[in-house]
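Report on one structure; see the data block that follows.
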Amino acid sequence: MTPAELERELASGKVRPAYLLAGSEALLRDAAASAIAERALGDAPREFNLDRLDGASCNEARLLDAIRALPVLAERRLVVLREPVVKGRGSKTLGDGIATAVEEVREASSTVLVVTASTVDKRSKWVKAFKEPAALVACEPPKGARAIVAFLKQEAKRCGVSLQAGAAEALAEAVGPQLLMLRQELEKAALHAGPGRPVRRDGGI
């Protein structure tokens, strides 16, 4: 699944029991995690229904305790595990714990599990656990000019910025596949153009 496909699915109201947000582009991972949290929790009190676990210090027992807790004044809870360490001492236990957690939340659980990782081995048991109805979201930087332009146009739409014909292409050519810089240049171009006015082809740089 791509981040764009995830966005469309969440917009339709569908929330899966577990997501693995995997890839080297931190901006896409963070945006996907935020979108899932917004849809899964809504207005629910997050201090009771959101657990953020650090993968470097998390263990199997802590993860399973988190996903087995019940929501408070809410339909769902959200557990986010960032960068699980699944190499070295204790790695097998945590990897097995993630696989067990995914299996449990797939069975009519009130908890949504989100795991984020910059790199994964798709042959690993815990990675393979994110099969339907769970999902693996590929958060890799766009490759090729067309993909970069598509990202820019999606960002412009998200931010309510109007782009003149050729503006996205000009920005993409000038900046390249650096998504954070692309977002920053788009925001600067929108400020330069002024409220309600489209970003011109020559207005982004």
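The values are calculated or read from the model by the stated rules, or taken from the named source; none is laboratory data. Computed from a predicted model, the values in this text were never measured in an experiment. Glycine also receives a Cβ, built like all others from the backbone with ideal geometry; neighbour counts cover every protein chain displayed. To get the accessible areas, we keep the full protein, side chains included, count just its heavy atoms, and leave off ligands, DNA and RNA. Shrake-Rupley method; radii C 1.70, N 1.55, O 1.52, S 1.80 Å.
In this structure the range 1-145 gives 52 Å² per residue of accessible area when probed at 1.4 Å with all protein chains present. Backbone geometry of the range 129-146 corresponds, through the Karplus equation with coefficients 6.51, -1.76 and 1.60 at θ = phi - 60°, to 3J(HN,Hα) couplings of 5, 7, 9, 3, x, 6, 8, 9, 9, 7, 10, 9, x, x, 10, x, 4, 4 Hz, x marking Gly and Pro. Amide H contacts of Arg77: Thr111, Val112, each under 5 Å away and 5 or more positions distant or on a separate chain (H built 1.01 Å from N in the peptide plane; Pro and chain starts excluded). Calculated [222 nm] ellipticity per residue, helices only, for the chain: -14000 deg cm²/dmol; basis is -39500 (n - 2.57) per DSSP H run with n ≥ 4, divided by all residues, nearest 500. Tell me, how many Å apart are the Cα centres for the range 1-74 and for the range 101-118? Centre-to-centre distance over Cα atoms comes out at 8 Å. Each Cα pair under 8 Å and six or more residues apart adds its sequence gap; the mean of these over the residue count of the range 151-205 is a relative contact order of 43 percent. Annotation: amide H-H contacts under 5 Å for Leu136 (H modelled 1.01 Å from N, sequence separation of 5 or more, or interchain): Leu20. Taking all Cα-Cα distances within the chain, those exceeding 23 Å account for 50%. Extension gain for Glu132 to Gln154 (0.36 nm times residue separation, less C-alpha to C-alpha distance): 5.3 nm.
Between Lys125 and Glu83, the simple label model (points 7 Å from Cα in the Cβ direction) yields a spacing of 2.6 nm.
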